[in-house]
Amino acid sequence: MKHEPPNQFDLAAIVPGFRAPPQPEGTPDDTALAEAHRRARHWNSRLFGPLRPGSERHRQAVCRMFRDTFNPYRPAVLAWPDLDEASLRRIVALPIWDIAVQTEGKARLRMAAYARALEDSEMRAALALNAWEENRHKDVLARMAAAYGIKLAPEAPYAWPRDPEWAYLVTGYSECIDSFFAFGLFEAARCSGLFAPALVDTFEPVMQEECRHILLFANWAAWHRARLPWWRRLRFEAKVLAVWCFLGWERIGLARSIDANGRGHAQDNNFTVSGAQSVTGGGISARDLMQLCLCENDRRFAGYDERLLRPATMPALVRFALRLMR
């Protein structure tokens, strides 16, 4: 199995025919930024009638959505605001940066590997752009860490996946889980006032981009399974079930990690609870956090065509948990 150094990611070499999307030179003005953010949040297909999963119309709409809602922000020109000492300490102390950077590094390669394997050129281009955006997220995190003196753990080379479909499913469903909670935590951070509003605003395009990513994934999964003959669909559903079991086990257990000084330590893969305490100062209950996650999930998806499928598993599980908590 070949490995890719952490700082080398040649998407055009992995996915033949891919070309990076155009990005504006210099720093865009406030009007251009506002318009880019609006386009990233709102999209409706010009096609009339239902978008049946697996159909040509569904595929066209999904891929068109992902192209049209692209936000051309450049990590190099993002403005990292000056922070007071207390805010800086809170940022540096958040237990997420190492795993966030490494997760993006793995995601970009897994998505690129699966995009390379796709025969459909339009869906292949959409997934390749998704991989490109994951690499941009990694760049954003690295630049933020450098701006605030956050010491990141050394990155090991990223391994080319043996089974690209399995790797893509693990990444896609993992993002569905993590993004659902991240939406709520992000809003909790905004409302708590513990973090500079300018810093929260800087990360807003990244958060909405994650919403686009899992919208693409949910519709790819529906498109893909609908096109499979019944015997291959049984295998696919078994693989999906295995992925969910794997992700559940991963989040229950403790993942080994390397700290900034090279020492091994245990790091909880499910950092939702510790993250909630960090961004709110402990001022939010588990029930309130789950309700906030549901509201933010609905809000972030509200601007996209209602005929496109939304990730449904995490919202359903949390609504069920809330009923039990009553």
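Counting the residues of the range 1-20 that are under 22 Å from the mean Cα position of the chain (by Cα) and either in a loop (DSSP other than H, G, I, E, B) or charged (D, E, K, R) (or both) gives 11.
Among the residues in the range 283-301, are any farther than 19 Å from Glu210 by Cα, without any contact (Cβ under 8 Å) to a residue 12 or more places away in the chain and out of contact with any helix residue (DSSP H, G or I) (no Cβ under 7 Å at 6 or more places or on another chain)? Yes, the conditions are met somewhere in the range 283-301. Would you point out which residue out of Phe70, Phe66 is out of contact with any strand residue (DSSP E or B) (no Cβ under 6 Å at 6 or more places or on another chain), aromatic (Phe, Trp, Tyr) and part of a helix (DSSP H, G or I)? Result: Phe66 is the single residue among Phe70, Phe66 that is out of contact with any strand residue (DSSP E or B) (no Cβ under 6 Å at 6 or more places or on another chain), aromatic (Phe, Trp, Tyr) and part of a helix (DSSP H, G or I). Within the range 211-233, residues that are at pLDDT 95 or above sit with their Cβ atoms under 7 Å from residues that are assigned to a loop (DSSP other than H, G, I, E, B) and small (Gly, Ala, Ser), at 6+ positions apart or across chains, in these pairs: Trp223/Gly54; Ala226/Gly54; Arg227/Gly54.
Looking at Ala100, Ala79, Ala142, just one residue is under 14 Å from the mean Cα position of the chain (by Cα) and among the small types (Gly, Ala, Ser), and that residue is Ala100.
In the set (1) surrounded by 18 or more Cβ atoms within 10 Å (Cβ to Cβ); (2) under 16 Å from Ala100 (Cα atoms); (3) of a type outside the set (D, E, K, R); (4) under 17 Å from the mean Cα position of the chain (by Cα), Met207 fails one condition alone, (1). Only one entry in Ala188, Ala226, Ala242 is touching a His at 6+ places or on another chain (Cβ under 9 Å), farther than 26 Å from Asn135 by Cβ and of a type in the set (Gly, Ala, Ser), namely Ala226.
When the range 226-249 is filtered for residues that are under 23 Å from His58 (Cα atoms) and of a type in the set (Gly, Ala, Ser), only Ala226 remains.
Restricting the first member to the range 302-326 and to residues that are in a loop (DSSP other than H, G, I, E, B), and the second to residues that are crowded, with 16+ Cβ neighbours inside 10 Å and β-branched (Val, Ile, Thr), the beta-carbon pairs closer than 7 Å and six or more apart or on different chains are Leu308/Val62; Pro311/Ile214.
How many residues, within the range 36-55, are surrounded by 13 or more Cβ atoms within 10 Å (Cβ to Cβ), within 22 Å of the chain's Cα centre (by Cα) and not in a strand (DSSP E or B)? Show your work before the answer.
We begin by selecting, within the range 36-55, every residue surrounded by 13 or more Cβ atoms within 10 Å (Cβ to Cβ); these are 36-37, 39-45, 47, 51-55.
Filter again for within 22 Å of the chain's Cα centre (by Cα), leaving 36-37, 39-44.
Checking which are not in a strand (DSSP E or B) leaves us with 36-37, 39-42, 44.
Within the range 36-55, residues that are surrounded by 13 or more Cβ atoms within 10 Å (Cβ to Cβ), within 22 Å of the chain's Cα centre (by Cα) and not in a strand (DSSP E or B) number 7.
Return the only residue of Leu127, Leu118, Leu109 being modelled with pLDDT of 95 or more, in contact with a strand residue (DSSP E or B) (Cβ under 6 Å, 6 or more places away or on another chain) and not hydroxyl-bearing (Ser, Thr, Tyr).
Details: Leu127 fails: in contact with a strand residue (DSSP E or B) (Cβ under 6 Å, 6 or more places away or on another chain); Leu118 fails: in contact with a strand residue (DSSP E or B) (Cβ under 6 Å, 6 or more places away or on another chain).
Unique residue meeting the criteria: Leu109.
Of all the residues in the range 21-35, those that are modelled with pLDDT under 90 and either outside any loop (DSSP other than H, G, I, E, B) or surrounded by 11 or more Cβ atoms within 10 Å (Cβ to Cβ) (or both) number 9.
Taking each residue of the range 142-161 that is touching a residue at least 24 places away in the same chain (Cβ under 8 Å) and looking for partners that are of a type in the set (Phe, Trp, Tyr) and in a loop (DSSP other than H, G, I, E, B) with beta-carbon atoms closer than 6 Å, six or more apart or interchain, yields Ala147/Trp80. Any residue that is assigned to a loop (DSSP other than H, G, I, E, B) and under 25 Å from Ala36 (Cβ atoms) - is there at least one of those in the range 176-184? Checked the range 176-184: no residue is assigned to a loop (DSSP other than H, G, I, E, B) and under 25 Å from Ala36 (Cβ atoms). Given the structure, is Glu155 of a type outside the set (Gly, Ala, Ser), farther than 24 Å from Leu33 by Cα and at pLDDT 95 or above? It is false that Glu155 is of a type outside the set (Gly, Ala, Ser), farther than 24 Å from Leu33 by Cα and at pLDDT 95 or above.
The values are calculated or read from the model by the stated rules, or taken from the named source; none is laboratory data. Values in this document were obtained by computation on a predicted structure and should not be read as measured data. Methodologically, a virtual Cβ is constructed for each residue, glycine included, from the backbone with ideal geometry; neighbour enumeration extends over all protein chains shown.
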